[in-house]
Amino acid sequence: MTWIGLVIVCLALVVGRDWLVSTKAAGSFVLKEDGRSGRPAILTARADEESPYIAPYVPTPQEVIDRMLQLAEVRAGDVVYDLGSGDGRIVITAAARYGVKAVGFEIRPDLVKRSRENIKEAGLEHLVEIREEDIRTIDLSPATVVTLYLYPSANLRLRSMIMRQLKPGSRVVSHQFTMGTWKPDQVDQITDSTGIVRTFYLWRITK
């Protein structure tokens, strides 16, 4: 670790609040406190290789969800998979707005419970399902749309699985982070209501 990295980690530990971090490799992202342990997410990211969690839980704002689903051109007959679905807000929005089947994958039991409660409250149990599974080992082949808001390293770990398992015509949308050398078919940006620039990457599976 460089001395700059050490300073950032020390500041995160001492101050314990959100930090805006920008790197050439990862782009810009808001560093939130990790809900699992209370530690800043930058520390959790360094432990991902040994942990079942490959990214911390950071809720996606509704305006970001709306743009992700628009970019994916969700339509009747689609099956939406959200990898690392948190409290279920993306799959709930997909089902409520487009009437499609949507499946969220989440490994944290507390978030799985919260998601299922949210789905029941929304009256969407006939369309939305939450599976408590590790996203590194799931079968993606039923999906026609996959949404991601993870980490650059997590995206890279999932890339080959996504490319191999998804059928032609499927779409993949990632909020904030790319997939290394896999060039997106479209890049889009919005400035959200808090002034943060949000970047979206879309890939279409062609073979």
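Just give me the residues in segment 144-173 being within 14 Å of the chain's Cα centre (by Cα) and among the polar types (S, T, N, Q), in sequence order. Across segment 144-173, the qualifying residues are THR147, SER153, ASN155.
Quick grid of which residues meet (1) free of Cβ contacts under 8 Å to residues at least 40 places away in the same chain; (2) within 24 Å of PHE177 (Cβ to Cβ); (3) among the basic types (Lys, Arg):
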position	(1), (2), (3)
SER85	no, yes, no
LYS101	yes, no, yes
ILE107	no, yes, no
SER115	yes, yes, no
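Among the residues of segment 103-114, which ones are closer than 21 Å to ARG67 by Cα and touching a Gly at 6+ places or on another chain (Cβ under 9 Å)?
Pass one, segment 103-114, residues closer than 21 Å to ARG67 by Cα: 103-105.
Of everything in segment 103-114, those that are closer than 21 Å to ARG67 by Cα and touching a Gly at 6+ places or on another chain (Cβ under 9 Å) turn out to be GLY104, PHE105.
Could you go through segment 113-130 and let me know if any residue there is modelled with pLDDT of 95 or more, over 16 Å from the mean Cα position of the chain (by Cα) and either β-branched (Val, Ile, Thr) or not assigned by TED's automatic domain parsing to the domain that holds VAL91 (or both). Yes, segment 113-130 contains at least one residue that is modelled with pLDDT of 95 or more, over 16 Å from the mean Cα position of the chain (by Cα) and either β-branched (Val, Ile, Thr) or not assigned by TED's automatic domain parsing to the domain that holds VAL91 (or both).
All of (1) under 19 Å from TYR53 (Cα atoms); (2) outside any helix (DSSP H, G or I) hold for VAL74 with one exception: (1). Suppose the filter is farther than 27 Å from ALA76 by Cβ, assigned by TED's automatic domain parsing to the domain that holds LYS101 and in contact with a Gly (Cβ under 9 Å, 6 or more places away or on another chain); does THR191 pass it? When the stated conditions are applied, THR191 does not pass them. With a requirement of 3 or more residues that are surrounded by 13 or more Cβ atoms within 10 Å (Cβ to Cβ), the strands (runs of 3 or more DSSP E) lying completely within segment 90-195 that satisfy it span 101-105, 128-131, 145-148, 171-175.
The values are calculated or read from the model by the stated rules, or taken from the named source; none is laboratory data. All values reported here derive from a predicted model rather than from experimental measurement. Note that we place each Cβ from the backbone using ideal geometry, even for glycine, and neighbour counts take in every protein chain shown.
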